[in-house]
Amino acid sequence: MYTQSLDLPNTDAGNTDSAGLPTEAAFLARIARDEKIEPQDAMPEAYRKSLIRQISQHAHSEVVGMLPEGNWITRAPSLKRKEILLAKVQDEGGHGLYLYSAAETLGASRDDMIDALHSGKAKYSSIFNYPTDSWADIGTIGWLVDGAAIMNQVPLCRCSYGPYARAMIRVCKEESFHQRQGFDIVRALCEGTPAQKQLAQESVNRWWWPTLMMFGPHDSDSEHSGQANAWGIKRISNDDLRQTFVDVTVPQAAFLGLTLPDPLLEWNAERGHYDFGPLDWDEFWRVVRGDGPCNAERLNDRVEAFEKGRWVREAAVAHAARHAARAVSIASEKIAA
Ligand code: FAQ
């Protein structure tokens, strides 16, 4: 049993196999009743593994996602923008921590997850392998990338696994703020000089397609979607989320006076949605497999930051051990007295 809980496991008595794990039918019945699966509950091994895969990749995305924006903290155009950006990047680090903790409730070890990221074995979102060339990119990341992240993560607040669903509620609230601050940066640029507006347009031209790729492969090519939907992990498909994102973003771009770089983008009254052009799936898989513009740089930066922080982690562990030993010795003195 994998749990940090002191409660006894809910084995759904009478519906478990010889290993004490729920039968597929019993487990699916709980999912159908929309019950939350908690760490102390018995669960199919494949469900546990699938969640560890998704949650740890999500956690990696949050911490690697700090890097492109961190690149602009010292170059923010005003103290106010610098403070906001610092807070946002710190929030992303916090999201990573909630998510690593949620994965730990499934029995994953933090060290193993970090090793998988640093060795290049674990994936993280393709979007963070693109460079932030101008200040406008910080606005575009907030507006489009956080906007896409929210679109994908709001349905995860209803994920069948309790700790992941609850973490997502807070994450989504913070991402909404991030999205608005990004929109505000782009709005300020669009209302500025022609050169500033041009900066915003160039940024949107660079980030639009990679943002649409964040939602993952087409449903027909999505290896995990079928099972993830059956288990109540994913609630809305990759393509449906991508379509909703396009539908809500087109009017926002129009409000800003920006053009989205897709000649095939057009309202389809019959479907009640915008049609849009094909994504470059060769580029997507190249980036996912490690050969994007910044993959090597991002991993090097992560590993370097991890190594530089090693002494802090070691000191914290030594400090905690000393405190624990002192507490034991005080307790024994009291017992002896
Ligand atoms: N990049 O079968 P599917 C953020 C992989 S957080 C890289 O469709 P699934 C916050 C996928 O892992 C952004 N890899 O997979 C922020 C799988 O490979 P595997 C991250 C991708 O899991 C904002 C394979 O392709 N959000 O932005 C990508 O059902 C601003 C087959 O794909 C989450 O992680 C991709 N774009 O659906 C931070 C949300 N797409 O594992 C800083 C939670 C797919 O077999 C600044 N995750 N792959 O080796 C999810 O919702 C899902 O995992 C999907 C993929 C939708 C990402």
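The values are calculated or read from the model by the stated rules, or taken from the named source; none is laboratory data. Values in this document were obtained by computation on a predicted structure and should not be read as measured data. Virtual Cβ from ideal backbone geometry, glycine too; neighbours counted across all protein chains shown. Heads up: the accessible areas ignore ligands, DNA and RNA and are worked out on the full protein's heavy atoms, side chains in. Shrake-Rupley method; radii C 1.70, N 1.55, O 1.52, S 1.80 Å.
Quick notes
- Solvent-accessible area of His224, all protein chains in place: 70 Å² (probe radius 1.4 Å, heavy atoms, ligands and nucleic acids excluded).
- Over 22 Å [Cα-Cα, region 71-177], rounded percent: 41
- Legend: distances between Cα atoms for Lys80/Lys197; Lys123/Lys197; Lys82/Lys197; Lys49/Lys234; Lys36/Lys88; Lys82/Lys308; pairs beyond 26 Å are Lys123/Lys197; Lys36/Lys88.
- Coarse-grained scattering of the chain at q = 0.14 Å⁻¹, given as base-10 log I(q)/I(0) from a Debye sum over alpha-carbon atoms: -1.18
- Proximity of backbone amide H atoms, modeled 1.01 Å from N, is registered between Tyr161 and Ile37 at under 5 Å, excluding neighbours fewer than 5 places apart on the same chain.
- When all protein chains stay in place and ligands, DNA and RNA are ignored, the 1.4 Å accessible-area order of Lys121, Lys308, largest first, is Lys121, Lys308.
- Rg in Å to one decimal, and Dmax rounded to a whole Å, for region 261-332 via C-alpha atoms: 26.3, 77
- At least 24 Å along the helix axis (C-alpha) and Kyte average at least 0.0, DSSP helices within the chain: 238-256, 310-336
- Protection proxy ranking, peptides 213-220, 54-61, average beta carbon neighbours within 10 Å, highest first: 54-61, 213-220
- The packing ranking of peptides 284-290, 203-209, highest mean first, is 203-209, 284-290, where packing means the average number of other beta carbon atoms within 10 angstrom of each residue.
- Its alpha carbons give region 220-268 an Rg and a Dmax of 14.7, 42 Å.
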